[in-house]
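Notes follow the structure.
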Amino acid sequence: MEFSLKWLAFEITPRCNLNCIHCRTSASMNLKDKLSFSDITNVIDEISNEFKPVVVLTGGEPLLRKDVFDIADYIKSKGMRVGLATNGTLVDERMALKIKEHVDIVSLSLDGSRAQVHDDFRNVKGAFDATVRAAKILKEIGVDFIINSSFTKRNQHDIENTYRLAKSLGAKAWYMFMIVPTGRAKELRDELIDKEDYYKILKWHFELELKEKEMLVRPTCAPEYYALVDIESRKRGIEFKRRTLKFSTGGAKGCVAGQLIAFIGYDGEVKPCSYFLRSAGNVLESGFLKIWHESKIFKDMRDFGSYNDKCAHCRYINVCGGCRARADAYYGDYMAIDPYCFL
Ligand code: SF4
Ligand code: SF4
């Protein structure tokens with residue numbers, strides 16, 4: 001596997017107008033932006049010398065940053081594509097046209113098929129209606145969008161309906177996220193979907209993926225799914241072809257943290273992925289590429305032979321890899337076995 005940066009999540013603000021129970025940043029309107037426009041463009045300049053990843057502007061809520069479209073334009077001027085991860089609540093007709101002008105793809109968060117489920121998760125009444133409205137506006141003006149849905153015990157009963165809603169709204173892809181307990185989500189551990197249900201949900205998803213031909217579907221941060229697909233396909237003698245969205249990492253393997261993707265936090269801290277607890281360094285001190293090439297954490301992520309426990313000897317190490325963030329959150333060791341491994 002060649003390790004080159006294909007996808008970068010750049011958290012340009014910690015500010016957010018919602019208060020989601022699972023937020024990795026514990027974002028809030030009380031926090032302040034730390035990276036200036038030039039801090040951000042300096043990092044983009046540096047990265048563009050070696051890689052041309054899709055850069056996803058995230059937060060917090062990235063649309064709260066006044067220079068969000070200047071940042072997007074700058075990234076594009078360096079030959080990279082730009083994604084925008086938004087909760088959708090600030091997307092009216094005017095904003096949608098600006099998005100169309102400056103951004104290549106949008107991802108919207110929708111954690112239920114009804115206001116009651118989504119608003120409970122997002123802790124704000126009216127969030128569901130606003131996000132659905134945003135999806136409809138984007139669809140109408142021809143902006144491609146993905147729907148990301150996060151699930152815990154509280155909304156797992158609504159998974160299938162949420163998929164249906166994503167499809168009816170015209171999303172290009174629906175990504176079902178298995179929450180990793182970091183940020184505010186740390187307090188959520190008791191709320192996380194049980195391991196037994198996790199397995200059942202992934203099996204359900206496999207059946208869905210076999211049938212779903214229009215919208216791209218994929219469980220995200222559920223690396224064991226890649227092993228399950230292999231096992232189930234062999235069992236049934238099917239040749240499973242994974243489709244990829246032009247803005248994804250290509251579905252090379254279950255977990256690609258620090259291998260094909262990276263995350264830069266609102267404070268400049270660099271991590272292998274957005275759920276990861278530990279920082280590998282700060283762009284304000286050492287730039288990005290030094291961390292990508294030389295930091296222990298990033299090097300460890302790519303050294304599959306040095307993973308601990310069962311993972312190191314697992315035949316699916318190059319297919320699954322286990323969730324390193326979840327291993328760290330549970331065992332304080334990011335090289336340990338993924339606690340949700342069912343193999
Ligand atoms: S470490 Fe876990 S949360 Fe991060 S990208 Fe890998 S599977 Fe997803
Ligand atoms: S042992 Fe590790 S690599 Fe193998 S399936 Fe389980 S989590 Fe994935």
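The values are calculated or read from the model by the stated rules, or taken from the named source; none is laboratory data. Model, not experiment: these values are computed from the prediction. Positions of Cβ are backbone-derived with ideal geometry, glycine not excepted, and every protein chain shown enters the neighbour counts.
Within segment 1-30, residues that are closer than 14 Å to Phe288 by Cβ and in a loop (DSSP other than H, G, I, E, B) reach partners that are of a type in the set (Gly, Ala, Ser) and modelled with pLDDT of 95 or more with beta carbons closer than 7 Å, at six or more positions or on different chains, in the pairs Leu5/Ala262. Out of Asp309, Asp267, one residue alone is without any contact (Cβ under 8 Å) to a residue 40 or more places away in the chain, more than 11 Å from ligand 1 (Cβ to nearest atom) and not polar (S, T, N, Q). It is Asp309.
Taking the criterion of being part of a loop (DSSP other than H, G, I, E, B) and either among the charged types (D, E, K, R) or closer than 16 Å to Leu97 by Cα (or both), the residues of segment 51-76 that qualify are Lys52, Glu61, Arg65, Lys66, Asp67. When Ala227, Ala262, Ala325 are screened for being among the small types (Gly, Ala, Ser), touching a helix residue (DSSP H, G or I) at 6+ places or on another chain (Cβ under 9 Å) and within 15 Å of ligand 1 (Cβ to nearest atom), only Ala262 passes. Just so you know, in segment 112-159 the residues that are of a type in the set (Val, Ile, Thr), over 20 Å from the mean Cα position of the chain (by Cα) and assigned to a helix (DSSP H, G or I) include one that is farthest from Met95 (Cα to Cα), and it is Val117. No other residue among Gly268, Gly258, Gly237, Gly287 is touching a strand residue (DSSP E or B) at 6+ places or on another chain (Cβ under 6 Å) and at positive phi apart from Gly268.
Looking across segment 248-303, the residues that are over 17 Å from the mean Cα position of the chain (by Cα) and within 16 Å of ligand 2 (Cβ to nearest atom) come down to Asp300, Met301, Arg302, Asp303. Looking across segment 316-326 at every residue that is outside any helix (DSSP H, G or I) and either of a type in the set (S, T, N, Q) or closer than 30 Å to Glu46 by Cβ (or both), the one that is nearest to ligand 2 (Cβ to nearest atom) is identified as Gly321. Listed by first and then second residue, the pairs with beta-carbon distance under 6 Å, at least 6 apart or on different chains, first residue in segment 316-329 and within 18 Å of Arg242 (Cβ to Cβ), second more than 9 Å from ligand 2 (Cβ to nearest atom), are Val319/Lys253; Gly321/Lys253.
Quick check: anything in segment 241-261 free of Cβ contacts under 8 Å to residues at least 24 places away in the same chain, surrounded by fewer than 20 Cβ atoms within 10 Å (Cβ to Cβ), charged (D, E, K, R) and touching a Gly at 6+ places or on another chain (Cβ under 6 Å)? Scanning segment 241-261, I find at least one residue that is free of Cβ contacts under 8 Å to residues at least 24 places away in the same chain, surrounded by fewer than 20 Cβ atoms within 10 Å (Cβ to Cβ), charged (D, E, K, R) and touching a Gly at 6+ places or on another chain (Cβ under 6 Å), so the answer is yes. Of everything in segment 26-65 that is modelled with pLDDT under 95 and more than 13 Å from Glu11 (Cβ to Cβ), the residue that is surrounded by the fewest Cβ atoms within 10 Å (Cβ to Cβ) is Asn30.
Residues in segment 77-99 that are in a helix (DSSP H, G or I) and either in contact (Cβ under 8 Å) with a residue 60 or more places away in the chain or closer than 22 Å to Asn17 by Cβ (or both): Glu93, Arg94, Met95, Ala96, Leu97, Lys98, Ile99.
Pairs are defined by a Cβ separation below 9 Å, a sequence spacing of at least 6 or placement on different chains, a first member in segment 217-234 that is farther than 16 Å from Cys314 by Cα, and a second member that is in a loop (DSSP other than H, G, I, E, B) and within 11 Å of ligand 2 (Cβ to nearest atom); the pairs so defined are Cys221/Gly254; Cys221/Cys255; Cys221/Cys323; Ala222/Gly254; Ala222/Cys323; Ala222/Tyr340.
The residues of segment 160-184 that are surrounded by 18 or more Cβ atoms within 10 Å (Cβ to Cβ) and either at positive phi or part of a helix (DSSP H, G or I) (or both), listed by number, are Thr162, Tyr163, Leu165, Ala166, Leu169, Gly183, Arg184.
Name the residue, out of Asp70, Asp129, that is farther than 29 Å from Pro219 by Cβ and among the charged types (D, E, K, R). Exactly one residue qualifies, and that residue is Asp70.
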